[in-house]
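J.: Before I ask anything, let me first share the structure, which is written out below as structure tokens.
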Amino acid sequence: MKLPPEPAGPRGRIEVIPLIDIIFFLLATFVMVSLSMVKNQGVPVSLPRAASGQAQERVSSVTVTVTEGGRVYLNRELLDIDRLSPRLEALKSQDANTRVLVNADEVAYFGDVVKVLDIVRRTGIEKIAIQTTGAQPAAQRKP
């Protein structure tokens, strides 16, 4: 069997570097979009700063928010504090591993936050976290 002769001109080749650039761009875009899709279930408040805070894994949780005026929200739904306990008990009955994320305004009355924490603990929920923001960089701190 006789093979045809190879053409005398330059051979075509696939450039890999532009393909790698495109793949990295798509990967970075995917990561940025997926990070922006993280759902914040709480009401926006001015969170206190904590230098010792540690990032928690993003798992589904119930968010209880205490605002500056003492209003209590359960996943963005305004509730009377007396109705919080039955709602949390109903959620715990659906899922025994219910997690509660408490976020409170930086200037919220401390007694209101303690009441909420007490209600959560009395319902038997053991996985409780308090949401804070990271510590302020030293250059931005006020004397």
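Just so you know, all these numbers are worked out from the coordinates, no wet-lab data involved. Owing to the predicted nature of the structure, the values given are computational and were not obtained by experimental measurement. Heads up, the Cβs are rebuilt from the backbone with ideal geometry, glycines too, and the neighbour counts pull from every protein chain shown.
J.: Run the numbers for ARG49 and ASN97: contour at 0.36 nm per residue of separation, minus the present Cα-Cα distance, in nm.
T.: Going from the current span to full extension adds 14.5 nm.
J.: THR63's amide H: which non-local residues (gap 5+, or another chain) put their own amide H closer than 5 Å, with H modeled 1.01 Å from N in plane and none for Pro or chain starts?
T.: ASN75, LEU101
J.: Also: Order of 25-32, 98-105, 12-19 by packing, highest average Cβ count within 10 Å first?
T.: Ranked from most to least packed, the peptides come out as 98-105, 25-32, 12-19.
J.: When all C-alpha to C-alpha distances in the stretch 62-130 are sorted into bins of 10 Å, what percent of pairs does each bin hold, rounded to whole numbers?
T.: Going out from 0 Å in 10 Å bins, the stretch 62-130 shows 22, 61, 16, 1 percent.
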